[in-house]
Amino acid sequence: MAAALSIPDFAEEICKAVEQSASPTLFVVQQHRETLKSRLIDILNAQTVRRVVSAVGVEEQFRRLAKEWRDETAHLSSMTKLVMHPKYQSIIGLGPSVVPVLLRELRYNPDHWFWALKAVTGVNPTRPEDSGDLQKMTEAWLKWAEEKRSLQVPFRLRTLSTIEEYDHAVALLDELIDEVGEDERHPLASLMDTLGTLIEAYEDAHFPEPSSNAV
């Protein structure tokens, strides 16, 4: 696997490609070239930051906000006050990328995440007569998740440490590619990117490319 270019090096390669392909009338003079390169670095850095925050940081943000929400609302019994709390609203503000996290949380540690899920997804699979029944509402959402194939990860996103986790991640990535395709707005798009990054890191560490100088 070829070593990844740094963002400045990648920007430099783009500038070279522009110079090599441009007609004489479109020649990029040095001043404009440096401006182009600087702008490319800004764009690439911004894109990288957005991808890292949306793919890797969402679960961390959720864990922090959920803990603060529980701590600050432990004395409350009003469901309206619970879901209108600023920390709960901030969780909703994480958008579609938090949906898989909420669903996994419901599966392993049920709590009142139904209103957040409804606000983000725009659907409500629970029956009116089950309102207020934590177990039945949880079951309804998990059933919906299974039907929509939104609940696919039985392990928390972290560095892959065993060949079994690697094989599992590769199989899961194949399913996500089939499901997400090129839809960048798909709720699982950031998860797909994250898995790809984790898999690549594992491969770099455990399956290094042989040296070109090797006999």
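The values are calculated or read from the model by the stated rules, or taken from the named source; none is laboratory data. As the structure is a computational prediction, the values presented were derived from the model and not from experiment. Counting neighbours? That spans all protein chains shown, and the Cβs are built from the backbone with ideal geometry, glycine included.
Some points to look at:
- Considered as a group, the residues in the range 156-176 that are part of a loop (DSSP other than H, G, I, E, B) and buried (at least 18 other Cβ atoms within 10 Å of the Cβ) include one that is modelled with the lowest pLDDT, and that residue is 157.
- Subset tally (residues that are crowded, with 21+ Cβ neighbours inside 10 Å and within 22 Å of residue 130 (Cβ to Cβ)) for the range 64-103: 4
- Residue count for the range 189-215, restricted to those that are at pLDDT below 80 and part of a loop (DSSP other than H, G, I, E, B): 8
- Some residue of the range 147-155 being out of contact with any Ser or Thr (no Cβ under 7 Å at 6 or more places or on another chain), polar (S, T, N, Q) and at pLDDT 75 or above: no
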